[in-house]
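Take a look at the structure set out below.
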Amino acid sequence: MADDELEAIRRQRMAELQSKHGNAPNDQQAQQESQQREAEMRNSILAQVLDQSARARLSNLALVKPDKAKAVENYLIQMARMGQLGGKISETGLIEILEKVSQQTEKKTTVKFNRRRVMDSDEDEDDY
């Protein structure tokens, strides 16, 4: 009886492995569907949270800087889930949030000058 159960488990496991490897297009299709559902959910939350003008500004930002727009969307969705938003955010409120996110993600650039030393001057090359 233990051999029959073991054989059944083996067959079941083989069927699972074959379905995973044999159905690669189905997995890809399921992944696309889940990404589409996630995008729809994000859009519905943002539609509830943002004013029409703020949605337009955010979509314009997404065209120019998709990373920053995604960060702002994540921030807004997180605030909405925690209940920190009182009502719909207007365009001016979105601008303030954009400034906060810009300050947090601001990259500092530094310029370092490597000056020539006295002994490495170009005057020596002119003597030839």
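Entry remark, region 28-84: residues being among the acidic types (Asp, Glu) and in contact with a strand residue (DSSP E or B) (Cβ under 7 Å, 6 or more places away or on another chain) number 1 in total.
Residues of region 53-84 that are open to solvent by less than 80 Å² (accessible area, probe 1.4 Å), among the basic types (Lys, Arg) and not in a helix (DSSP H, G or I): none at all. If only residues of region 85-108 that are open to solvent by 60 Å² or more (accessible area, probe 1.4 Å), within 16 Å of ALA54 (Cβ to Cβ) and outside any helix (DSSP H, G or I) are counted, the one that is modelled with the lowest pLDDT is GLY86.
Taking first residues from region 41-59 that are within 12 Å of GLU91 (Cα to Cα) and without any contact (Cβ under 8 Å) to a residue 12 or more places away in the chain and partners that are assigned to a loop (DSSP other than H, G, I, E, B) and open to solvent by less than 30 Å² (accessible area, probe 1.4 Å), no Cβ contact under 7 Å between residues at least 6 apart in sequence or on separate chains turns up. Here VAL49, VAL111 are screened, and the one residue that is over 18 Å from the mean Cα position of the chain (by Cα) and open to solvent by less than 60 Å² (accessible area, probe 1.4 Å) is VAL49.
Residue count for region 1-18, restricted to those that are modelled with pLDDT under 70 and either surrounded by 10 or more Cβ atoms within 10 Å (Cβ to Cβ) or assigned to a helix (DSSP H, G or I) (or both): 2.
The values are calculated or read from the model by the stated rules, or taken from the named source; none is laboratory data. Worth saying up front: this structure is predicted, and the values here are computed from it rather than measured. Every residue, glycine as well, gets a Cβ built from its backbone with ideal geometry; the counts of neighbours run over all protein chains shown. These accessible areas exclude ligands, DNA and RNA; they are computed on the full protein's heavy atoms, side chains included. Shrake-Rupley method; radii C 1.70, N 1.55, O 1.52, S 1.80 Å.
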